[in-house]
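Below: the structure, in structure tokens.
The values are calculated or read from the model by the stated rules, or taken from the named source; none is laboratory data. Everything numeric here is computed off the predicted structure, so don't read it as measured data. Ideal geometry is used to build each Cβ from the backbone, glycine not excepted, and the neighbour counts take in all protein chains shown. The protein model used for the area step is the full one, side chains on, heavy atoms only, and it has no ligands, DNA or RNA in it. Shrake-Rupley method; radii C 1.70, N 1.55, O 1.52, S 1.80 Å.
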Amino acid sequence: MTDGPSATDVSVATSDPWLAKAQILVVDDEPGMRNFLVRTLAPRCARVEAVGDTSAAGRLIEASSFDLIILDNILGGRTGLSWLADLRRDGLFTEVILITAFADLETAIEAVRAGAADFVLKPFRTKQILNAVVRCLDRSALRRENFVLRRQLAPPDRSQAAERIVGTSAQMVRTRDLVARAAATRSTVLVTGESGTAKEVTARALHELSAFADRPFVPVNCGAIAADIIESELFGHVKGAFTSAASSREGLFFYAQGGTLFLDEIAELPLALQAKLLRVIEDRKVRPVGSDREIPIDVRLIAATNADLAERVAGGQFRADLYYRLDVVRIHLPPLRERVEDIEPLARMFMDQLSAQLGLPPLPIPLSVLQRFEAYPWPGNARELRNRIERALILGTFGELVSGPTAEPRTDDLAEVEKRHILRVLAASEGNRAEAARRLGVSRKTLDRKCAEWNV
């Protein structure tokens, strides 16, 4: 006989987020077991249904979906395992926990073959069944999340990869053509241009158009990693290589194996590491810090910089031999002020992207605004234009451009900016505060408090 809940079961991990949302179907021909499971699960789950046979269970499954089925193996007329096998053949892959009082190795093997996620022996305690339920729900959620992530990380359509480089100017037409040509090889590419000219976008397009687009693209900002650890970050290290090396670790070259390693701000690499990078490019091998062994690599290298590397070489700040090894194919991205005709398509692309991200309706871009945009020098290039579009969406107006770096809102205006942004998102959500809170990335309680302050 199954034990009821006890004081020792209070520690069961019932705070699992998937348990609270779960819809569970119990199939057992013993009324006492059904009642026990309903009493145990109903206070902790969104919905629990309990039936005594597979026919009734089948009707419920056809009428609505369940996250988990708790299935007794010995049922009147047939076994739970045979019914589970039928479900799997019909394409139903809901998680199933098989419960039985008559267990042996053969039954356990059959349960795994039939597709059961877990196997629990009767009699069991509250804690045992709850732990099994939580494990199954977590595993199911993880599988779905992995599937979604794989879809998100899947390489985009190659026919559209070059279109990431937006612009109708002759310079950008030539850039797209050069990217398409360079992508067909594994040659090292050097991307140059001022800050904000979309060097990483260009590097990603090179990768996406290549024959190894399904392999990793690993970006590294060389200027953002401290000089004393960048070698370990790139090449990896073995246990004990330095004081804090408590275990061995692969480097970014390893994670980019078969794909592309993008070294942004390459001019910021320390001179000592420049020599080691040159050796890697020439020998196609890396030596982890503290290791006596070199590891072969198969990585396509793309470097980028907003500095004049030839000038750095002349000043002794960059190795000439590394410069020539990097400068096999050069793609130079002109500043936005030299390709005024690209401002409008960029502005409209940013408007579409950002309105979707912020959950706000796009603003029309009138001719007068485009004329002001085209007259402005854009010292921050496309990045500054993107920021300007985002600010306009939040404020609900384009306002005035200023010379020099784009002005930020005054501190005393921030509360008003926040209010206008929240109210615009709330309006775009048709007054649905739960949806508005989701789009804003805040809790419903926070949104309710703000609305109360504003008498909304």
Every residue from segment 367-400 that is at pLDDT below 85 and either open to solvent by 40 Å² or more (accessible area, probe 1.4 Å) or of a type in the set (Ser, Thr, Tyr) (or both): GLU400
Selection within segment 333-353 - surrounded by 19 or more Cβ atoms within 10 Å (Cβ to Cβ) and in a helix (DSSP H, G or I): LEU336, ASP342, ILE343, LEU346, ALA347, PHE350, MET351
Test result for LEU358, in contact (Cβ under 8 Å) with a residue 12 or more places away in the chain, surrounded by 17 or more Cβ atoms within 10 Å (Cβ to Cβ) and under 23 Å from ALA203 (Cβ atoms): no
Qualifying residue in segment 275-286 (condition: buried (at least 17 other Cβ atoms within 10 Å of the Cβ), in the same structural domain as CYS222 (by the TED database) and either free of Cβ contacts under 8 Å to residues at least 12 places away in the same chain or assigned to a strand (DSSP E or B) (or both)): yes
Filter pass, LEU269 being open to solvent by less than 10 Å² (accessible area, probe 1.4 Å), closer than 23 Å to ILE225 by Cα, modelled with pLDDT of 90 or more and not small (Gly, Ala, Ser): yes
